[in-house]
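One structure is given below, encoded as structure tokens.
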Amino acid sequence: MKVLMVPSWYPTPGAPLLGTFYKEQAEALAERGVQMAVAHVSVGGDFRPSHNGIRRQEVNGVLTYVYTRPNLTPRWEGGRCWQRTRMLEALYRRIEREWGRPDVVNLRSSLHGYEAMALCRRHGLPLFFMEHSSYVLTEPANSPAVRRLHAVMKAARVNACVSSALQRVMEPAGETRIIPDPVDGRAFYPKETPPREAFTFRAMGQLRPIKGYDTLIRAFALLKKRSARPLRLEIAGAGGMRESLQAQIDETGLGGDCRLVGTVPREQAVDFMNGCDCFVCSSRVETLSCVLNEAAACGKPVISTRCGGPLDIVTEETGLLVPVDDPEAMADAMQRMAEAAASYDPARIRALTLERFGRDTVCERLVAACRDAAR
């Protein structure tokens with residue numbers, strides 16, 4: 001079976017870590033015998049010639065075409081959509097010449113929904129749509145984004161999403177399967193680490209308001225005031241909030257006990273996960289949270305806000321759940337975890353995670369959805 005994945009975000013020369021989970025899922029399907037190609041188009045503000053144009057490469061069995069160019073219609077989303085539609089059509093013509101006609105198009109996120117719909121209509125291709133984006137949980141019901149979501153769902157033969165939180169929102173518009181993002185148990189596993197002087201909490205994600213790191217830092221400051229034991233909080237990631245978060249750390253007097261560690265390369269993420277005693281998700285909205293599952297695959301107990309997708313992940317055996325934007329509740333959970341982390345069973349946490357979210361389990365569902373759409 002030939003599957004053409006059309007992701008709404010993907011690694012590009014200017015953003016090499018963007019959408020790595022799409023890339024890894026394409027490679028996981030290729031590993032299981034599915035013929036995979038990726039067509040990603042992106043318009044933005046990067047005018048460097050070295051970062052623009054069409055790039056074709058084969059990576060781990062996935063034929064990948066990435067087309068990037070500067071945005072010719074700033075501040076007009078309709079113009080961006082028009083550009084991406086033309087770019088995707090140009091990519092597809094080349095892909096069909098060089099790789100052949102796909103059996104199904106797999107659109108990842110409705111952010112590029114109109115573009116994928118236009119391609120499928122023009123070439124008579126069946127569409128399998130899978131939603132990942134958090135806007136489904138945050139946009140009002142009559143917004144242009146939700147109208148686009150419903151249009152894509154109507155055009156697709158099979159609809160899916162990554163969590164029950166998304167499914168509850170999408171089901172009124174049509175039958176929706178749950179197919180979570182997989183975690184690779186070979187890449188994320190328990191490793192021996194040097195003894196830590198302080199109980200260490202870690203978090204990872206883009207430094208954006210939706211991640212709730214301002215609340216997490218406030219919670220850690222509260223925890224430090226009520227606990228005499230050595231404690232550390234380390235947050236990995238890059239983004240527009242770095243300066244404001246660092247200012248918050250400085251103002252609260254946390255010093256070296258709370259650090260923004262910057263971007264962690266993908267191949268070093270397993271070491272980052274293993275270097276903590278507990279992994280924390282403080283998000284205001286999450287459709288699933290890949291990093292929670294990656295930490296759990298390393299045997300780490302977790303704390304998460306009740307922000308959507310993590311409700312499918314965190315159980316009594318794997319961690320604690322707290323309300324969104326509640327620093328007192330987060331501080332209480334962090335204190336409980338610092339006292340009880342040793343009682344969690346790392347092997348059990350890992351086994352439960354791989355049982356529900358392992359690559360083999362998830363890839364079976366993805367292949368079945370592709371086959372159903374192709375029929």
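The values are calculated or read from the model by the stated rules, or taken from the named source; none is laboratory data. No experiment lies behind these values; they were computed from the predicted model shown. Don't worry about glycine lacking a Cβ; one is built from the backbone with ideal geometry, like all the others, and counts go over all protein chains shown. We work out accessible area using only protein heavy atoms, side chains counted, and drop any ligands, DNA or RNA first. Shrake-Rupley method; radii C 1.70, N 1.55, O 1.52, S 1.80 Å.
When Rg and the Kirkwood radius Rh are both evaluated on Cα atoms of region 73-208, their ratio Rg/Rh stands at 1.09.
Taking 0.36 nm per residue of sequence separation and subtracting the Cα-Cα distance, how much length would be gained by fully extending the chain between Arg32 and Phe47, in nm to one decimal? Working shown, then result.
Working: separation 15, 0.36 × 15 = 5.40 nm, distance 3.81 nm.
Full extension from Arg32 to Phe47 adds 1.6 nm.
When the alpha carbon gyration tensor of region 1-152 is reduced to an equivalent ellipsoid, the three semi-axes, largest first, read 22, 19, 15 Å.
The Stokes-Einstein estimate for region 159-200, based on a Kirkwood radius over Cα pairs and taken at 10 °C with 1.306 mPa s viscosity, is a diffusion coefficient of 117 µm²/s.
Report the local net charge at Glu98: Lys and Arg +1, Asp and Glu -1, summed over other residues whose C-beta lies under 13 Å from its C-beta. Walk me through the numbers on the way to the answer.
Working: positive: Lys2, Arg56, Arg93, Arg94, Arg97, Arg101; negative: Glu58, Glu96.
Residues close to Glu98 contribute a combined charge of +4.
Would you please classify the overall shape of region 240-348 from the alpha carbon gyration tensor, given that a ≥ b ≥ c denote the square roots of the eigenvalues, rounded means a/c under 1.5, and beyond that prolate means a/b larger than b/c while oblate covers the rest? Rounded, since a/c falls under 1.5. Measuring nothing but how far apart in sequence close Cα pairs (under 8 Å, 6+ apart) lie, relative to its length, the chain scores a relative contact order of 14 percent.
Between Arg56 and Thr138, the modelled labels are 3.8 nm apart [label points 7 Å from Cα along Cα→Cβ].
If you count the DSSP beta bridges with both ends in region 34-181, what percent of them are antiparallel, to the nearest 5? Let's see the in-between values first.
Details: 7 of 26 bridges.
Counting DSSP beta bridges with both partners in region 34-181, the antiparallel share is about 25 percent.
So, counting K/R as plus one and D/E as minus one, what does the shell of residues with Cβ under 10 Å around Leu288 add up to? Could the numbers behind the result be given before it?
Details: positive: none; negative: Asp181, Glu286, Asp312.
Within the 10 Å Cβ shell, the charges total -3.
Compare the peptides 169-180, 212-223 by average per-residue count of other Cβ atoms within 10 angstrom and give them in order, highest first. Could the numbers behind the result be given before it?
Details: 169-180: 16.5, 212-223: 22.8.
Ranking, from highest mean packing down: 212-223, 169-180.
Accessible area per residue for region 123-167 is 36 Å², calculated with a 1.4 Å probe on protein heavy atoms, without ligands, DNA or RNA. Accessible surface computed residue by residue for region 58-109, with neighbouring protein chains in place and a 1.4 Å probe, gives 49 Å² per residue.
Of the solvent-accessible surface of the chain, computed with a 1.4 Å probe over protein heavy atoms with every protein chain present, carbon and sulfur atoms account for 50 percent.
Can you give the local net charge around Ala374? Use residues other than it whose beta-carbon is closer than 12 angstrom to its beta-carbon, Lys and Arg +1, Asp and Glu -1.
On the way: positive: Lys2, Arg101, Arg157, Arg371, Arg375; negative: Asp103, Asp372.
Net charge around Ala374: +3.
Using helices alone, I'd like the mean residue ellipticity at 222 nm for the chain: each DSSP H run of four-plus residues gives -39500 (n - 2.57), total over residue count, nearest 500.
Value at 222 nm, helices only: -12000 deg cm²/dmol.
Residue ranges 296-309, 59-72, 122-135, 248-261 sort as 296-309, 122-135, 59-72, 248-261 when ordered by packing (mean number of other C-beta atoms within 10 Å per residue, highest first). How large is log10 of I(q)/I(0) for the chain at q = 0.07, 0.09, 0.12 Å⁻¹ when the intensity is taken from the Debye formula with one equal scatterer per alpha-carbon? At q = 0.07, 0.09, 0.12 Å⁻¹ the computed log10 ratios are -0.32, -0.53, -0.93.
Can you tell me how much longer the chain between Trp99 and Glu243 gets when fully stretched, taken as 0.36 nm per residue apart minus their C-alpha distance, in nm with one decimal?
Details: separation 144, 0.36 × 144 = 51.84 nm, distance 4.60 nm.
Length gained between Trp99 and Glu243: 47.2 nm.
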